[in-house]
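Engineer: Pasting a structure below so you can have a look.
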Amino acid sequence: MRTFAALLPPDDVADDLDAFLDPRRAHAPFRWTAPEQVHLTLAFMPAVPDRALDELVDALARTAARRPAFEARIAGGGAFPDPASARVLFAGLETDDAGRDTLDRLARGARDAAAHAGVEVDGQRFRPHLTVARLGRPAEVSNWVRLLDAYRGPVWRVDRLALVASHLGEGPRRRPRYKVVAELPLGADG
């Protein structure tokens, strides 16, 4: 199973970002992320064996339980690998120092939980972001990054970590279909 550990913004938060981007989407032929698929990936696991799923969920639950809930907002933006030759356009996540520390620890904990369950984690160093669009070929997107830099969404309480299964090509227009496998509360230990 292809999965990722993530933070999922509530519907009203994702809808606010969607409302900000909606009138502007016609001006760029990007593959825009649907509001229900907006998420912040903590750890991507491309192939979770069925036999490891329960252990992975248990390890992620322990990781989540050790970390406190915190407040965050979607704000700002950027591009990977950079605005001059972007393949991905993203929104940022704003939080205070304690929230940033918790976020970093959650990402490390999710990777450690996967390793404990014998699951391979893909990806590079953790850089908090929410993908809003993918580009078919590298493009200059500095104006889009400046536009996203002006965005500040509503604050929400991040109080759970989700394990999400990604089914490639099964969603609308052959995009991935996401299914939440488990929602794990933060701060259950304290």
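Engineer: List the number of the failed condition for LEU106; all other conditions in (1) within 15 Å of the chain's Cα centre (by Cα); (2) modelled with pLDDT of 95 or more; (3) surrounded by fewer than 17 Cβ atoms within 10 Å (Cβ to Cβ); (4) under 24 Å from PRO185 (Cα atoms) hold.
Structural biologist: Checking LEU106 against (1) within 15 Å of the chain's Cα centre (by Cα); (2) modelled with pLDDT of 95 or more; (3) surrounded by fewer than 17 Cβ atoms within 10 Å (Cβ to Cβ); (4) under 24 Å from PRO185 (Cα atoms), the one that fails is (3).
Engineer: When the stretch 106-126 is examined, which residues are found to be in a loop (DSSP other than H, G, I, E, B) and within 23 Å of GLU36 (Cβ to Cβ)?
Structural biologist: GLY123
Engineer: Here is a follow-up. Hey, among the residues in the stretch 134-145 that are without any contact (Cβ under 8 Å) to a residue 60 or more places away in the chain and not in a strand (DSSP E or B), which one's farthest from SER85 (Cα to Cα)? Spell out the reasoning first.
Structural biologist: Within the stretch 134-145, the subset without any contact (Cβ under 8 Å) to a residue 60 or more places away in the chain is 137-140, 142-143.
When the remaining residues are screened for being not in a strand (DSSP E or B), the result is 140, 142-143.
Details: GLU140: 5, SER142: 10, ASN143: 13 Å.
Out of the qualifying residues, it is ASN143.
Engineer: For the stretch 68-93, which positions are in contact with a strand residue (DSSP E or B) (Cβ under 8 Å, 6 or more places away or on another chain) and either free of Cβ contacts under 8 Å to residues at least 12 places away in the same chain or of a type outside the set (Gly, Ala, Ser) (or both)? Give the steps one after another, and end with the answer.
Structural biologist: Of the residues in the stretch 68-93, the ones in contact with a strand residue (DSSP E or B) (Cβ under 8 Å, 6 or more places away or on another chain) are 69-81, 85-93.
Result: PHE70, GLU71, ARG73, ILE74, PHE80, PRO81, ARG87, VAL88, LEU89, PHE90, LEU93.
Engineer: Of all residues in the stretch 15-35, how many are of a type in the set (Lys, Arg) and free of Cβ contacts under 8 Å to residues at least 24 places away in the same chain?
Structural biologist: Result for the stretch 15-35: 1.
Engineer: Here's another thing I want to ask about it. Do you know which of the residues in the stretch 134-165 that are basic (Lys, Arg) and under 30 Å from ALA47 (Cβ atoms) is modelled with the highest pLDDT?
Structural biologist: Residue satisfying both the conditions and the ranking: ARG160.
Engineer: Within the group LEU148, LEU184, LEU163, which residue is within 23 Å of ASP12 (Cβ to Cβ), in a helix (DSSP H, G or I) and in contact (Cβ under 8 Å) with a residue 24 or more places away in the chain?
Structural biologist: LEU148
The values are calculated or read from the model by the stated rules, or taken from the named source; none is laboratory data. Everything numeric in this text was worked out from a predicted model, so none of it was measured. Note that each Cβ is placed from the backbone with ideal geometry, even for glycine, and that neighbours are counted across all protein chains shown.
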